[in-house]
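**Student:** Please read through the structure below; I'll follow up with questions.
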Amino acid sequence: MDAGDVSAHLKSNGRRHFCTFENPSKIEIVLTGWMPETEDGRWAVVNRRRHECRAEAANDGDGKVEAVVVEVAGNRKRDVKHDEVAVMHATKNNKNAYKALIAAEYAGVEVKWADNFEMGVSNKTPEFLKMNPIGKVPVLETPDGPVFESNAIARYVARLKTDTSLFGSSPIEYGQVEQWIDFASLEIDSKMSGWLYPRLGYGNYIAPVEEACIDGLKRALGALNTHLASHTFLVGHAVTLADIIMTCNLYLGFKLLMTKSFTSEFPHVERYFWTMINQPKISKITGEVVQTEAVPPVPSKKPAQTKEAKPKAEPKKEEKKEAPKPKTEAAGEEEEAPKPKPKNPLDLLPPSKMILDDWKRLYSNTKTNFREVAIKGFWDMFDPEGYSLWFCDYKYNDENMVSFVTMNKVGGFLQRMDLARKYAFGKMLIIGSEPPFKVKGLWIFRGPEIPKFVMDECYDMELYEWTKVDLSDEAQKERVNQMIEDYEPFEGETLLDAKCFKVFLGRH
């Protein structure tokens, strides 16, 4: 093909890319790219395997032919100029919307805020519900249709340009970017939200649930801290989409929830966050961030029905805005009201000198000299007449071939044991450096036997062999000590992971 006879002009509306050719000689043109969406005299069929299309330059009177293509040079797509701007529908303080806006800064594309967006109003309009029927934000409106879910929006924006390193520079880095995006959502954001939002009044505040969220967040931050001890960025040597999403998910934690005394346990996470949040392309979106000095207070369960009845105007405003929340809470209370009537048989047992919450606090608060302080304190307060100790061994260890699947399996067990939080404390160990991994545990239960309601209602129980600890056997007592303190090597093997079931009942 004589290049002198043909000139091309590229335009784009976001996803579809239009190429107009000046082709006075009506020569055949070969392009690579996406399949055209229509076929007529000017369109050619794409060979899907080779991603080639043959566009015949028919003369339509002005010597021009139009085709929907993305030109590829080798394995790299040629970037095109995006003529139409995507619109972000969310409030301008929405940290989930920040993900895509920051990605746009790094990708060099433009995303603008929707005008006059008002939460609770704009997201309930018919136009918005066509974009996201659930009515949640953020939603990105693009020329080719809407995208919702913040990580999906961020991925879409990051892929609009192909010469960035937002997804790494190799297949393994791409996988690691996706890995840390999942970690940021499943391990950081979910735990952070479970701790923060009930304190802000979004949902019921339940102390044991909060305690579990804090424990999970600390564990996740500990893992992140270990990784960042030898890495400036999560993947490779430059900012990726994983860093953008991780920073946005840490944003509210540092700003509203995690005080310096909390984050000081994770110095590499601190360094990472402040480095990232002060990057010009990030701070342009988030603005200045100052770390909180206090955790938000727990909201009162029943907002002032007597004393605060006098100021009429303010309660009315609050009731209008939060009307759905009190109703759902009230409904929940009405449904659950009959349940406490039949007392748990364990509540009818003679009082015990051992206060389980005291042990849980001692366990949690002992940071040094664990054997001398926590273990000694445990045996000092343990009441063999009021409580019993049990070893458990997973029956199907030969199935534990994948480490994270095994850890998730144990984590699920502990979640389902929430029904026993008032009557139990547990340690679960995942053992071994190579598969198959062994799962063993130690549990303290109220009463002389494993509670019947636990055996009946938690199906995981039957997956384990349960052996009551013989307190007259010093070897078994030492095994209890080692399991409580995560002693390593345990029974000659390394510990892959250790999980604790220790939610508190009353902290105030």
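**Student:** Filter segment 382-405 down to the residues that are under 14 Å from residue 431 (Cα atoms), touching a residue at least 40 places away in the same chain (Cβ under 8 Å), surrounded by fewer than 17 Cβ atoms within 10 Å (Cβ to Cβ) and not charged (D, E, K, R) and list them by number.
**Tutor:** Correct list: 396, 403.
**Student:** Same structure again: I need a count of the residues in segment 376-395 that are under 14 Å from residue 449 (Cβ atoms) and of a type in the set (Gly, Ala, Ser).
**Tutor:** Number satisfying all stated conditions: 2.
**Student:** Is there any pair linking a residue in segment 218-241 that is farther than 15 Å from residue 273 by Cα and at pLDDT 95 or above to one that is hydrophobic (A, V, I, L, M, F, W, C) and assigned to a loop (DSSP other than H, G, I, E, B), with Cβ under 6 Å and at least six apart or on different chains, and which?
**Tutor:** Once the first residue is farther than 15 Å from residue 273 by Cα and at pLDDT 95 or above and sits in segment 218-241, no partner that is hydrophobic (A, V, I, L, M, F, W, C) and assigned to a loop (DSSP other than H, G, I, E, B) comes close enough.
**Student:** Here is a follow-up. With the condition kept exactly as written, say whether any residue in segment 193-214 is without any contact (Cβ under 8 Å) to a residue 40 or more places away in the chain, touching a Gly at 6+ places or on another chain (Cβ under 9 Å), within 24 Å of residue 92 (Cβ to Cβ) and not charged (D, E, K, R).
**Tutor:** The answer is yes; a qualifying residue exists.
**Student:** Quick check on residue 459: is it surrounded by 18 or more Cβ atoms within 10 Å (Cβ to Cβ) and hydroxyl-bearing (Ser, Thr, Tyr)? Please lay out each step first, then the result.
**Tutor:** Working: surrounded by 18 or more Cβ atoms within 10 Å (Cβ to Cβ): no; hydroxyl-bearing (Ser, Thr, Tyr): yes.
Against the criterion (surrounded by 18 or more Cβ atoms within 10 Å (Cβ to Cβ) and hydroxyl-bearing (Ser, Thr, Tyr)), residue 459 does not qualify.
**Student:** Looking at (1) buried (at least 16 other Cβ atoms within 10 Å of the Cβ); (2) farther than 21 Å from residue 494 by Cβ; (3) out of contact with any Leu (no Cβ under 6 Å at 6 or more places or on another chain); (4) of a type in the set (Lys, Arg), find the lone condition where residue 438 falls short.
**Tutor:** Exception for residue 438: condition (2).
**Student:** Restricting to segment 272-289, name every residue that is closer than 19 Å to residue 189 by Cα and either over 21 Å from the mean Cα position of the chain (by Cα) or charged (D, E, K, R) (or both).
**Tutor:** If we filter segment 272-289 for residues that are closer than 19 Å to residue 189 by Cα, which is where we start, we get 272-274, 276-277, 282, 286, 289.
289, the sole residue that qualifies.
**Student:** Next up: For segment 171-193, state whether one or more residues are in contact with a helix residue (DSSP H, G or I) (Cβ under 7 Å, 6 or more places away or on another chain), of a type outside the set (A, V, I, L, M) and farther than 18 Å from residue 258 by Cβ. Full working, then the answer.
**Tutor:** At the first step, the residues of segment 171-193 found to be in contact with a helix residue (DSSP H, G or I) (Cβ under 7 Å, 6 or more places away or on another chain) are 177, 180-181, 184-185, 187-189, 191-192.
Subsequent filtering for residues that are of a type outside the set (A, V, I, L, M) retains 180, 185, 187, 189, 191.
Pick out the ones that are also farther than 18 Å from residue 258 by Cβ and you get 180.
The answer is yes; a qualifying residue exists.
**Student:** If only one of 254, 266, 273 is of a type in the set (Phe, Trp, Tyr), touching a residue at least 12 places away in the same chain (Cβ under 8 Å) and over 29 Å from residue 172 (Cα atoms), which one is it?
**Tutor:** On the way: 266 fails: over 29 Å from residue 172 (Cα atoms); 273 fails: over 29 Å from residue 172 (Cα atoms).
Going through 254, 266, 273 in turn, just one is of a type in the set (Phe, Trp, Tyr), touching a residue at least 12 places away in the same chain (Cβ under 8 Å) and over 29 Å from residue 172 (Cα atoms): 254.
**Student:** Is it true that some residue in segment 144-156 is loosely packed, with under 14 Cβ neighbours inside 10 Å, polar (S, T, N, Q) and under 28 Å from residue 281 (Cα atoms)? It would help to see each step written out before you state the result.
**Tutor:** Just the residues of segment 144-156 that are loosely packed, with under 14 Cβ neighbours inside 10 Å, to begin with: 144-145, 152.
Subset that is polar (S, T, N, Q): none.
No - not one qualifying residue is present in segment 144-156.
**Student:** Which strands (runs of 3 or more DSSP E) sit wholly inside segment 396-508 and have at least 2 residues that are among the aliphatic types (A, V, I, L, M) and in contact with an Asp or Glu (Cβ under 9 Å, 6 or more places away or on another chain)? Before you say what the answer is, go through the steps one by one.
**Tutor:** Working: elements: 424-431, 438-446, 464-468, 495-501.
In segment 396-508, 424-431, 495-501 are the strands (runs of 3 or more DSSP E) which contain 2 or more residues that are among the aliphatic types (A, V, I, L, M) and in contact with an Asp or Glu (Cβ under 9 Å, 6 or more places away or on another chain).
**Student:** Which is surrounded by fewer than 16 Cβ atoms within 10 Å (Cβ to Cβ) and within 18 Å of the chain's Cα centre (by Cα), of 223, 242, 184, 229? Steps first, please.
**Tutor:** Working: 242 fails: surrounded by fewer than 16 Cβ atoms within 10 Å (Cβ to Cβ); 184 fails: surrounded by fewer than 16 Cβ atoms within 10 Å (Cβ to Cβ); 229 fails: within 18 Å of the chain's Cα centre (by Cα).
Exactly one residue qualifies, and that residue is 223.
**Student:** Shifting gears a bit: Using beta carbons and a limit of 6 Å, which pairs, at least six apart or on different chains, have the first residue in segment 353-380 and over 21 Å from residue 208 (Cα atoms) and at pLDDT 90 or above and the second one of a type in the set (S, T, N, Q) and surrounded by 15 or more Cβ atoms within 10 Å (Cβ to Cβ)?
**Tutor:** Within 6 Å, the pairs are 373/366; 374/366; 375/481.
**Student:** Got a number for residues in segment 347-381 being assigned to a loop (DSSP other than H, G, I, E, B), surrounded by 12 or more Cβ atoms within 10 Å (Cβ to Cβ) and either in contact with a strand residue (DSSP E or B) (Cβ under 8 Å, 6 or more places away or on another chain) or among the basic types (Lys, Arg) (or both)?
**Tutor:** Looking only at that region, the number is 3.
The values are calculated or read from the model by the stated rules, or taken from the named source; none is laboratory data. As the structure is a computational prediction, the values presented were derived from the model and not from experiment. All Cβ positions, even for glycine, are placed from backbone atoms using ideal geometry, and neighbour counts span all protein chains on display.
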